[in-house]
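Structure, as C-alpha cells:
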Amino acid sequence: MAPTPSILLVEDHGATREQVRQALTDAGFLVHVARDGARALALMSSEHPHVVIQDLVLPDIDGFALARKLRSLAHGKPLRMIAFSGLVSNLDARRIHELGFDDVIAKPVLPARLVELVRAQWEAAQRMQSALQELHELSDPLAPASAPPSNTQEGEGELLRRCSALSAELTVLRAISHAVLREGDVEGALMAALNTCFDAGQGAVGALYLCEEQQLRARLLGSERRLDVGGLADFFGHERWLRTVIQDGRTVSIADADEAVRASLLRAGAKNAMVVPLLHEGWQLGALFVAHEGTDTSLHRFAQGLADQVAHALALAQAYRRRAQAEREAEQQRRLARDQAAMWRALVDGAPDVVMHLDVRGRVRFINRTPQATVRGAGALTWFDMVDEVHHGEMRAALTSVFGAAESHTLELCNSSAELALWTENHLGPVRSGNSVTGALVIQRDVSEKKTADAQLFMSDRMASVGNLAAAIAHEVNNPLSSVIANLELALREAEQLSTPGELLEELQDAREAATRVRTIVRDLNVFSRAEDDGRKLVDIERVLDSALRLALNEVRPRASLKRDLQATPRVWGNESRLGQALLSLILHMAHGIEEGHPESNTISVELYTDELEHVVIVLRDSGAPLSEPAKASLLRPYSSARPAASALGLSICQRVIAEHGGAITIENGEHNELRVTLPACAAAEQPGHARESEIRALRRGSVLVID
C-alpha cells in the first residue's frame, strides 16, 4: 500500500496558511502546520514529512538557516523542499536552489498550481527513496564489524564508522543512471545524493563548483553550518586560483594552498579542507570543495572518492543534456524538413506548369499532375508518351546530354492527340547527387496560345500586305477601267444612233456588263483594304455582307453550295471596313470546316433579317461535322481555332469587333455548326449631325472640277 503523502507547511500568515492547508488536504495530502521555525523543527523530528513548504521570512529564524536544519533532521532520507515567498520575483531562483531548495513558488499561488507542484516533488522523493533502498541493500556486505572499538583505537574506530556510513550513501552516485531513466533531472538527483552523503559525514560541509561557459556556479553542500558559507560563491575571493586548480587537475589541500587562499579558508572556519578537480576523459567539469573535522587522511579519502563519483555523475548529466539537445535539434530538423516538404509540395502542386522528375530512360518518377492527353498512355508513364513520335529523337538526345554532360536544354514539342494541338515548351535540367547526375527535372509549359498567336500575327501581317497590294491594284485598275467603261458607254450611244447591227450592239452591251462587274470587284477590294480609322457612319449590312460573300466565293465553291436569304434591314452605326473584315472572317471560318471535293453534298447558308427586338441578325450555318463541346467552348477564346486553316482574323478578334459595335456572336448547339451575329439597328434620323440622303441631294448645287 502506498504511503500517504506527508507535507510540512511552515507559514506565519494565518489566512495564507489556512488556504494552502485546505487545498492540500482536499488533494489527499497529510498536512502538518507550523507558524514558526521552532514548531517546524519539532514537527520535523516527530513526523518525518516527505515535502516541506517553507516561507522564507519567519519571525524567529532566517529561512535559509531553517532549511539547512530541517534537511539535517531528515537523517539521510529524501526530503524535497519548496521555498514559498511573496518576494520571489526579486530573488535569484538559481541562488534559492543553491541554498538547499528543490523548487520555489511565489505568493499568492493558485491552489491547483500548488497541488501540482507538491505532487511532483512528492513523487520525486518517492523515486529517490526507492533508489536509496535498493542501493542500501547492495551496500550491506560492505558494512564494518559492529564490535565496539578499544579505548586506544576510539578515534580511528569512530572514523571507520563514519566512513562505513558514507560508503553506503556513496553507492547512490554509482546508480545515478537510475535517476536519469526515472526522472531525467540528473543534477537534482546528484545534489540530493551529495547532501545525503554530507549529512552522513557528520560535519562535512562544502560546495560543488560547476563550469558553465565562462562562469563557475556554486552549489552549497551539507546542512551543518560550521563554515562561513557567505564567500563560497566566488571561493572567498579566489575564483582565479580555483580555476587554476581545475585546469591543473591536481587535488589541493589547505596546507598546499597559496598563503592568501589558506588565510581566507582559515578565517571562514575551514581548518581542514580540500579542493578536488572534477575531470572525466579530459573534460574539465568543475571542482568539489570539502571541509571536514577529521584527519587529513580521512578527508582525502572521503573527498577523492566522492569527487570520482561526482565526476561520473556530471559526465552522465552532460551526456544526457547533449543527447536531449541532439534529440531536440533532430526533431527541429525533422519539423523543418516536414515544413519544407509541405511548402515544396504546395509550390509544385500550385504551379501553372507541369513539373516532372525523369530517369535516364525518360520514365516519370514524379509528376505534379498528369497531362490531359498522351500519345500512347500504355504501361508506366514516360515523357515520350506526352508528345508526337516525330520529336522522340531530339528528346533522347536532350536526355543523353543532361545525364552525360549535365547540360540544360529547352525543347518545343507538340502533342497532336489532344482535341486541339498542344504545344509545350520543355526545359530540362540535371538533378545532382554529389558529383553524379541522378535524374532530370522537366518544367513543361503550355505555349499553344503563344504559337497560335504567332501564327495569327504572321497571317495578319500577310493579310495586311495583301490588303495594301489589293488597294494599290484597285487604284491602278480604276484608272483604265473608268476609261473603258466611259468609252463603252459612248460606243453604245453612237451605235444606237447609227442603227448598228444587233449583233455588234449586243457585244458592246456584254462588254459594258463585264466592265461593270470588274468595277464591283474593285469596289469590294476597297472596302476590305481600306486603312482602319475610327470614322463611323451608317452602314448597309446587306451590301457589306454581299461584298464579303463575293470575295469568299472562291473558297466556298470547292467545298459547298452557297444559299443566301438576305432581307432588307435597317442600317447600323459603325465602321464599314471593320465590319466587312469580321463578316468575311466568319464566312471563311465556316468554309474551312468543310473539306474540298464534294460541293454538291455540302451547303453553307447565310441569312439576314431583323428580329422582333429590331436587331439586325446574320446567321451562318454549314452542313459539316459539328464541333465537340470542348472545341465550341474554346472557339471564341483568344488565339484559339478549331479549324486547320487560318482566316484573316481570329474569331476572338471578330467577337471584339462586333462587341465594339454593340453586338455579339453566339455559337448555337445543334446538328450543324451555326454562328449568329446580332447588331443593333440604327435609323439615320437618330444620328446627330447626319442629314437624310434626300436632304443631302437637295443641297448639291454647284460645279465640280475633276483632276486625274
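The values are calculated or read from the model by the stated rules, or taken from the named source; none is laboratory data. Just so it is clear, the structure is predicted and the values come from calculations on it, not from any experiment. All Cβ positions, even for glycine, are placed from backbone atoms using ideal geometry, and neighbour counts span all protein chains on display. Note: areas computed on protein heavy atoms with side chains; ligands, DNA, RNA excluded. Shrake-Rupley method; radii C 1.70, N 1.55, O 1.52, S 1.80 Å.
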### Summary
When every protein chain stays in place and a 1.4 Å probe is rolled, Asp26, Asp546, Asp385, Asp234 sorted by accessible area with the largest first are Asp26, Asp234, Asp546, Asp385
### Query
How large is the accessible surface per residue of the stretch 299-349, computed with a 1.4 Å probe and reported in Å² as a whole number?
66 Å²
### Task
Would you mind calculating the gained length between Ile61 and Gln284 on full extension (0.36 nm times residue separation, minus the Cα-Cα distance), in nm to one decimal?
76.4 nm
### Task
Among the lysines, select those whose C-alpha is under 19 Å from the C-alpha of Lys69, and discard any that sit fewer than 8 residues away in the same chain.
Lys77
### Summary
For His409, the accessible surface traced by a 1.4 Å probe with all protein chains present amounts, in square angstrom to the nearest 10, to 50 Å²
#### Entry: Cross-link reach list, lysines versus Lys450, counting only Cα pairs under 30 Å and skipping chain neighbours closer than eight places
Lys632
### Message
Just to confirm a number: summing +1 for Lys and Arg and -1 for Asp and Glu over residues other than Ala342 whose beta-carbon lies under 11 angstrom from that of Ala342, what do you get?
### Response
+1
### Task
Show Lys77, Lys451, Lys69 ordered by accessible area, largest first, where the area counts protein heavy atoms only and the probe is 1.4 Å.
Lys77, Lys69, Lys451
#### Entry: Extension gain, Glu600 back to Leu613 (0.36 nm per residue minus Cα-Cα distance, nm)
1.1 nm
